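One structure is given below, encoded as structure tokens.
The values are calculated or read from the model by the stated rules, or taken from the named source; none is laboratory data. These figures come from a predicted structure and were not determined experimentally. Glycine also receives a Cβ, built like all others from the backbone with ideal geometry; neighbour counts cover every protein chain displayed. Side chains are part of the model used for accessible areas, which takes the heavy atoms of the whole protein and leaves out ligands, DNA and RNA. Shrake-Rupley method; radii C 1.70, N 1.55, O 1.52, S 1.80 Å.
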Amino acid sequence: MSSLQEMITTHAARVEQLLDHLLQIDGGSQQPFRPARLVEAMRHSTLNGGKRIRPCLLMESAAMLGVAPDTSVMAATALECIHCYSLVHDDLPAMDNDDLRRGQPTTHKAFDEATAILAGDSLLTLAFEILADQKTHPDPGIRSELVALYSAAAGFSGMAGGQMLDLEAEARPVEESEILRLQAMKTGALIRCACEAAAVLADAETATRKRLGAFGTKIGQAFQLVDDLLDVTATTLEMGKQTAKDANRGKGTIVAIHGLENCRMMADRLLEEALEEIAPFGAEAGNLGRLARFVVERKRLRTSEQPGH
Ligand code: GRG
């Protein structure tokens, strides 16, 4: 196993172990009653083979700044909960109306619409419950800064806002600048948040936080470009979700504007720019750089598969 693959598998396993622990029907004598069907839907929505890109970026950025994985796993799991909630709600009939996610039936297909809505709501709130936990960071000031960071990334000026712009963009022709803005909000905000959260956890100076934020922004842009490319080039089986959706809907994408080859070059350039942002961290940034390259150069990469295959 390559060291990169080991790193990804180890981070993902830690996150999944914590998710498994948190999402038990019987939470023990200290925990209030939990409806079994809701817990099962939350487990279906999270413990279903995601690539855990955001937790890996957070934990590796944190490791670069000297924060141990035992600590960063809490903030990383909170972020994955928000990401999984967004996928559950994005798949609903009122949004993308998808049947397949991570190669399995979407939550509303496996359960029902109302349960899927509640599972998404509960994952979002669980994220903030995790952030408020002392195990996330002993300093309440840092925990409250994380809450501010995550809510801005997930809310109306971040991911949810980007989703709104995306829905509006289906109804009319959109400019390239509008596509870039909605993608930065819908996809980029959580990826940037992953990298910036590490700086908050490490109580790093403002310049470090800015650098990691800029790194996350570039990676987010490149990741979205690759996702758009895969929507055109990959099969549903390869991706574990329906592809060719943008083209079938006549939706404006950067790929539709610039073409496949230009977009591949744009993604490469964004990756190089991202790597320049973390270059000042020297050898300490080696793993994070390799992870960023892996994220951008992915095809269909489940954590159980070999990177690059
Ligand atoms: C419903 C509030 C709300 C927001 C939805 C994330 C999102 C916003 C929509 C998903 C639709 C989409 C295709 C977004 C592009 C970003 C993307 C590729 C998300 C999937 O992330 P991966 O590849 O998924 O990390 P896994 O399954 O590996 O976690």
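Which numbered condition trips up Thr125, out of (1) open to solvent by 70 Å² or more (accessible area, probe 1.4 Å); (2) over 23 Å from Thr187 (Cβ atoms)?
(2)
Name the single residue that is nearest to Cys84 (Cα to Cα) among those in region 157-185 being buried (at least 16 other Cβ atoms within 10 Å of the Cβ), of a type in the set (Gly, Ala, Ser) and more than 10 Å from the ligand (Cβ to nearest atom).
Ala184
Within region 18-33, identify whether any single residue is open to solvent by 20 Å² or more (accessible area, probe 1.4 Å), closer than 18 Å to Leu131 by Cβ and in contact with a Ser or Thr (Cβ under 6 Å, 6 or more places away or on another chain), and answer yes or no.
For region 18-33, residues open to solvent by 20 Å² or more (accessible area, probe 1.4 Å), closer than 18 Å to Leu131 by Cβ and in contact with a Ser or Thr (Cβ under 6 Å, 6 or more places away or on another chain): present.
Listed here are the residues, each with its yes/no results for (1) in contact with a Ser or Thr (Cβ under 6 Å, 6 or more places away or on another chain); (2) more than 27 Å from Val73 (Cβ to Cβ); (3) open to solvent by 30 Å² or more (accessible area, probe 1.4 Å).
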| residue | (1), (2), (3) |
| --- | --- |
| Ser144 | no, no, yes |
| Gly155 | no, no, no |
| Ala198 | yes, no, no |
| Leu212 | yes, no, no |
| Lys218 | no, no, yes |
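Inspect region 129-138 for any residue being open to solvent by less than 30 Å² (accessible area, probe 1.4 Å) and either more than 21 Å from Met74 (Cβ to Cβ) or in contact with a Cys (Cβ under 9 Å, 6 or more places away or on another chain) (or both) and give the result as yes or no.
Yes, because at least one residue in region 129-138 is open to solvent by less than 30 Å² (accessible area, probe 1.4 Å) and either more than 21 Å from Met74 (Cβ to Cβ) or in contact with a Cys (Cβ under 9 Å, 6 or more places away or on another chain) (or both).
Just to be sure before I move on: is Arg293 open to solvent by 30 Å² or more (accessible area, probe 1.4 Å), closer than 20 Å to Pro55 by Cβ and modelled with pLDDT under 90 in the structure I sent? Give the derivation first.
Numbers: open to solvent by 30 Å² or more (accessible area, probe 1.4 Å): yes; closer than 20 Å to Pro55 by Cβ: yes; modelled with pLDDT under 90: no.
No.
List the number of the failed condition for Gly103; all other conditions in (1) modelled with pLDDT of 95 or more; (2) surrounded by fewer than 16 Cβ atoms within 10 Å (Cβ to Cβ); (3) not charged (D, E, K, R) hold.
Of (1) modelled with pLDDT of 95 or more; (2) surrounded by fewer than 16 Cβ atoms within 10 Å (Cβ to Cβ); (3) not charged (D, E, K, R), only one is false for Gly103: (1).
Just for helices (runs of 4 or more DSSP H) wholly inside region 94-182: which have at least 3 residues that are touching a residue at least 60 places away in the same chain (Cβ under 8 Å)?
Per the criteria, 113-132, 140-154, 159-169.
Select from region 34-86 the residues that are modelled with pLDDT of 95 or more, within 16 Å of the ligand (Cβ to nearest atom), within 25 Å of Asp112 (Cα to Cα) and open to solvent by 10 Å² or more (accessible area, probe 1.4 Å) and list them in ascending order.
Met42, Arg43, His44, Leu47, His83, Tyr85, Ser86
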